[in-house]
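The structure appears right after this line, and notes come after that.
The values are calculated or read from the model by the stated rules, or taken from the named source; none is laboratory data. Note that the coordinates shown come from a computational prediction; the quantities given were computed from them, not determined experimentally. Backbone-built Cβ (ideal geometry, glycine too); neighbour counts: all protein chains shown. Calculation scope for accessible area: heavy atoms of the full protein, side chains included, ligands and nucleic acids excluded. Shrake-Rupley method; radii C 1.70, N 1.55, O 1.52, S 1.80 Å.
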Amino acid sequence: MIVGEQKPLEEIWEMVKQHKNVTVFGCNTCVAVCHQGGNKEAEILASLLRMKATQEGVEIEFVDSGIERQCEHEFFEKTQDLVVKSEAVLSLACGIGVQFMATKYSSIPIYPALNTTFLGDVIKAGHFTEKCQACGDCVLGLTAGVCPVSRCAKRVLNGPCGGSTSGKCEISKDVDCAWQLIIDRLDAIGKLENYEKLSSIKDWSKDRSGGPRSFILEGF
Amino acid sequence: MELKTESKLEKVFKSGQIAVTSECGPPRSSDPAHIIEKGHLIKNHVDAINITDNQTSVTRICSLAACVHLKNEGLEPVLQMVTRDRNRIALQSDLLGAASFGINNVLCLSGDHQSFGDHRQAQNVFDLDSMQLIQTVRHMRDEGKFLSGDEIKVPPKFFVGAAANPFGDPFKIRVPRLAKKVAAGAEFIQTQCIYNMDRFEKWMEGVRERGLDEQVYIMAGITPMRSVGMAKYMKRAVPGMDVPDELIERLQGVEKKQQAQEGIDIAVEQIQRLKEVKGVAGFHIMAIEWEEKVPEIVERAGLYPRPTFD
Ligand code: SF4
Ligand code: SF4
């Protein structure tokens, strides 16, 4: 899923304070799982902003609402009227949802309430960790199901680097060394000999560096 | 002897002699005087001098320019190259540039993470990793081609080195990792600073079992301790460093004023012991901001005079 973190209230306030009417709009899928951007969080954020407006002595109407997903047209039907009437929208979706809305409602300012942080999992309640960077050419088959692109601070494909210490990455004692995990997994699945296969030079043109990517289903 | 390059280091190894290298870090200024001075301090006592590439991710004169300064003084530089800051276009371009100045040696590294340095907010590149950089240099030299497949009219002829850390984790892949670097094309290896002698010798045993010492020239990394403080710091804060307590205790056992000399004595003893280890083909003496001590260490360890070739 996509993980996001709410921006500081001050930063959000600076974006929206010039408006008189703002719809605070949740996205109830990925970013709801991490309790940052769901419809419930939209409700809370709207009331915090109302309080802030009172403190600052300005009159702004904050209406909270939300839908299941801000990245697909069909989910917008029910809230169409509300959105088109808004002077501005503060979206609690990830960067994808914010942009989807900005394209869909071309004359309404759409502001992001979240910093979209990574693609990750829920390793335990309230703890989310990065697991993929959508590099476009998955190497998990070679690395025993542990991603070196997103989980190694140097994304080395033939690791570990010399900084790996007691299972931890050189950047921090709180970060696991992805290559230690890869080697442990290779060992566990009886494939340690694969370690000595040199990973060939990666084609990064399928990654971000190749430019914006898209995917079209034939005959759809 | 069959030589692949013009490298003096290659000649020393292939003539069956123990090689000695050292390293210098370029200054954080556009004035090269300092690195030239450092080079002259050690030039008669080493066969080649590594020039670090923005080590610990702190911005300095680039390794290539500093190598050219030393080359102009008649010294033999080893161009260190990290893959942190440049993609394959820039790396191959710098390799051509270095070869155009007659630089004959390159050491392929991944480089410390930028969070250790002065620009923590920087992007890192890592288009290639250190193994792939080794492959790249060999490909350019031996196939005469760029990674793209295009031909290089006059290919760069580098003697190719890599680093190895016998003390990094996980220990079980330490020998396989060296085998991988050899398979990638490394011709000489400089190891991480050795303090835990037993563990190093155990690693060398594994290296010999696989016959790797016959395929690559291994240089043992030696860094003299200047004080107890330095030893403790290295133990605590430098990733991938193994500093045994006995060494700290030995330094603690002498007066503060004497600790630096004790550190030099330890380094000399280490070299003498490691000279007897089969498969150790040379020494890489990294006296960090203490280059003036390299001649003393080399002389006392019986590694002086250095060989000359016409
Ligand atoms: S290798 Fe690429 S696609 Fe596969 S998990 Fe890692 S970043 Fe994602
Ligand atoms: S310590 Fe491990 S995870 Fe960290 S940069 Fe090195 S190989 Fe990657």
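Amide H neighbours of A:Gly26 under 5 Å, counting only residues 5+ apart in sequence or on other chains, H built in-plane at 1.01 Å?
A:Ser65, A:Gly66, A:Ile67, A:Leu92
Between B:Lys145 and A:Gln133, what's the calculated FRET efficiency when r is the beta-carbon distance and R0 is 25 Å? Round to 0.05.
That gives a FRET efficiency of 0.25.
Divide by every residue of chain A the summed helix terms, -39500 (n - 2.57) for each DSSP H run of at least 4, and state the resulting mean residue ellipticity at 222 nm, rounded to the nearest 500 deg cm²/dmol.
-7500 deg cm²/dmol
Which of A:Asn158, A:Gln80, A:Phe100 sits closest to the plus end of the dipole of chain A, meaning its Cα is farthest towards the positive end, when Lys and Arg get +1 and Asp and Glu get -1 on the C-beta?
Ranked along the dipole, the leading option is A:Asn158.
Quick one: Cα centre-to-centre distance for the stretch A:31-81 and the stretch B:123-202, in angstrom?
53
Give the lysines whose C-alpha is closer than 21 Å to that of A:Lys131, dropping any in the same chain fewer than 8 places away, or say none.
Here the lysines satisfying the reach criterion relative to A:Lys131 are A:Lys154, A:Lys168, A:Lys173, A:Lys202, A:Lys206.
Could you go through the stretch A:177-192 in sequence order and give the Karplus-derived ³J(HN,Hα) for each residue, using 6.51 cos²θ - 1.76 cosθ + 1.60 with θ = phi - 60°, rounded to whole Hz, and x for Gly and Pro?
Result, rounded to whole Hz: 6, 4, 6, 4, 5, 4, 5, 4, 5, 4, 4, 5, 9, x, 10, 4.
Leaving out same-chain residues fewer than 8 places away, which aspartates and glutamates sit with a Cα under 14 Å from that of B:Lys153?
List returned: B:Asp142, B:Glu143.
Would you grab the residues whose amide H sits under 5 Å from the one on B:Met286? Only those 5+ places off in sequence or on another chain, please, with H modelled 1.01 Å from N.
Amide H to amide H, under 5 Å and 5 or more residues apart or across chains, B:Met286 pairs with B:Ile222, B:Thr223.
Rounded to whole Hz and in sequence order, give me ³J(HN,Hα) for the stretch B:296-310 from the Karplus expression 6.51 cos²θ - 1.76 cosθ + 1.60, θ = phi - 60°, writing x for Gly and Pro.
Running phi through 6.51 cos²θ - 1.76 cosθ + 1.60 with θ = phi - 60° gives 4, 4, 4, 5, 5, 7, x, 9, 10, x, 7, x, 10, 10, 8 Hz.
Post the alpha-carbon centroid distance, the stretch B:259-306 to the stretch A:194-220, in whole angstrom.
48
With each label point set 7 Å from Cα along the Cα-Cβ vector, what nm distance links A:Glu14 and B:Trp290?
So the two model labels end up 4.8 nm from each other.
Suppose a student asked you for the relative contact order of the stretch B:236-310, using Cα pairs under 8 Å spaced at least 6 residues apart; what percent would you report?
Across the stretch B:236-310, relative contact order equals 25 percent.
Using a/c under 1.5 as the rounded threshold, could you call the stretch A:2-118 rounded, prolate or oblate? The axes a ≥ b ≥ c are square roots of the C-alpha gyration tensor eigenvalues, and prolate needs a/b larger than b/c, oblate otherwise.
oblate
Looking only at A:Glu59, A:Glu196, A:Glu72, which one moves most when chain A is put into a Gaussian network model with springs between Cα atoms under 10 Å?
Looking only at A:Glu59, A:Glu196, A:Glu72, the largest GNM fluctuation is found for A:Glu196.
Can you pull the accessible area of A:Leu217 for me, 1.4 Å probe, Å² to the nearest 10?
100
Determine the calculated [θ] at 222 nm for chain B from helices alone, applying -39500 (n - 2.57) to every DSSP H run no shorter than 4 residues and normalising by the residue count; nearest 500 deg cm²/dmol.
That calculation yields -11000 deg cm²/dmol at 222 nm.
Once the Cβ-Cβ distance between A:Leu140 and B:Arg273 is put in as r, and R0 is 56 Å, what FRET efficiency do you end up with, to the nearest 0.05?
The calculated FRET efficiency here is 0.80.
Can you give the accessible area buried between chains B and A, summed over both chains, with a 1.4 Å probe, in Å² to the nearest 100?
2600
Take the alpha-carbon centre of the stretch B:1-67, take the same for the stretch A:118-167, and report the distance between them in whole Å.
35
For chain A, what is the relative contact order in percent, using Cα pairs closer than 8 Å and at least 6 residues apart in sequence?
17
When chain B is treated as a GNM, springs tying every alpha-carbon pair under 10 Å, which of B:Ala19, B:Ala220, B:Ala184 comes out with the largest mean-square fluctuation?
The residue that fluctuates most here is B:Ala184.
Using a 10 angstrom cutoff on alpha carbons, build the Gaussian network for chain B and name the most mobile of B:Pro166, B:Pro27, B:Pro239.
Per the Cα network of chain B with a 10 Å cutoff, B:Pro239 tops the list.
Treating only the Cβ atoms of Lys and Arg (+1) and Asp and Glu (-1) as charged, compute the dipole magnitude of chain A about its Cα centre; round to the nearest 20 debye.
420
Taking H as built 1.01 Å from N, whose amide H comes closer than 5 Å to the amide H of B:Phe188, not counting residues under 5 places away?
Under 5 Å from the amide H of B:Phe188 lie the amide H atoms of B:Val160, B:Gly161, B:Ala162, B:Tyr217, each far enough along the sequence or on another chain.
So what are the ³J(HN,Hα) numbers for the stretch B:236-247, from phi and the Karplus equation (6.51, -1.76, 1.60; θ = phi - 60°), rounded to whole Hz, Gly and Pro as x?
For the stretch B:236-247, the Karplus-derived couplings read 7, 10, 9, x, x, 10, 10, 10, x, 4, 4, 5 Hz, x marking Gly and Pro.
For the protein assembly as shown, with only Lys/Arg (+1) and Asp/Glu (-1) charged at the beta-carbon, what is the dipole magnitude about the Cα centre, in debye rounded to 20?
The calculation lands at about 500 debye.
Going by a ≥ b ≥ c, the root eigenvalues of the Cα gyration tensor, does chain B fall in the rounded group (a/c under 1.5), the prolate group (a/b larger than b/c) or the oblate group?
Rounded, since a/c falls under 1.5.
At a Förster distance of 25 Å, what's the computed FRET efficiency of A:Lys173 paired with A:His35, Cβ-Cβ distance as r, to 0.05?
The formula returns an efficiency of 0.40 here.
Given Cα pairs under 8 Å that are at least 6 residues apart, what percent is the relative contact order of chain B?
RCO, chain B: 18 percent.
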